Amino acid sequence: MFHSSANLKVYVATLPCDMRKSFDGLYAIVQGKLEASPQSGALFVFFNKKATLMKTLYWDGTGLWVLAKRLEKGTFSIPSSAKSKGEKISITPEAYQLLVQGVELKDGMTRAWFEAP
């Protein structure tokens with residue numbers, strides 16, 4: 001799946017995304033609004049307005065992956081710099097893993113709604 005190396009680039013879209021979009025729609029956003037190449041091997045991360053749904057677009061060299069995660073409780077801890085002026089921000093692969101796992105990126109703590117199995 002992902003090559004989680006130090007070379008992996010992860011970009012978070014700063015504006016909410018219409019979560020009805022899938023392969024072609026997200027691909028078009030990466031090319032148009034984010035001005036990046038979807039086939040660069042980077043992860044492109046999108047959130048809905050309420051930050052309860054996240055989608056990731058990834059090109060593995062042979063095709064596209066679209067991964068989605070919906071939270072049943074709470075919201076994702078979107079990096080505060082994601083509310084900046086640009087269309088995207090770059091985060092580390094480690095920060096992406098923490099984000100997916102429900103860790104508050106600002107404080108390094110799990111969010112109150114999060115319970116590990």
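Accessible area of LYS50 (1.4 Å probe, protein heavy atoms only, ligands and nucleic acids ignored): about 150 Å².
Mean projection of the alpha-carbon convex hull of the range 1-60 over all orientations, in nm²? Mind dumping the intermediate values first?
Numbers: hull surface 16.6 nm².
Approximately 4.2 nm², given one-decimal rounding.
Counting only heavy atoms of the protein chains and using a 1.4 Å probe, GLU35 has close to 150 Å² of accessible surface. Taking amide H as placed 1.01 Å from N in the peptide plane, LYS88 has its amide H under 5 Å from the amide H of THR14, each at least 5 places away in sequence or on another chain.
Could you pull out the pairs from LYS49/LYS73; LYS9/LYS49; LYS9/LYS88; LYS33/LYS69 whose alpha carbons sit more than 19 Å apart here? Let's see the in-between values first.
On the way: LYS49/LYS73 15 Å; LYS9/LYS49 24 Å; LYS9/LYS88 12 Å; LYS33/LYS69 22 Å.
Check vs 19 Å cut-off fails for LYS9/LYS49; LYS33/LYS69.
For ALA36, the amide hydrogen comes within under 5 Å of the amide hydrogens of GLN31, counting only partners 5 or more places away or on other chains and with H modelled in the peptide plane.
In the complete set of protein chains, residue-level accessible area for VAL66 is approximately 40 Å², probe 1.4 angstrom. Each residue of the range 26-35 is assigned a 3J(HN,Hα), and the resulting list reads 5, 4, 5, 5, 4, 5, x, 7, 8, 6 Hz, derived from the Karplus form 6.51 cos²θ - 1.76 cosθ + 1.60 (θ = phi - 60°), x at Gly and Pro.
The values are calculated or read from the model by the stated rules, or taken from the named source; none is laboratory data. Worth saying up front: this structure is predicted, and the values here are computed from it rather than measured. Each accessible area value is taken on the protein alone, full model and side chains, heavy atoms only, with ligands, DNA and RNA left out. Shrake-Rupley method; radii C 1.70, N 1.55, O 1.52, S 1.80 Å.
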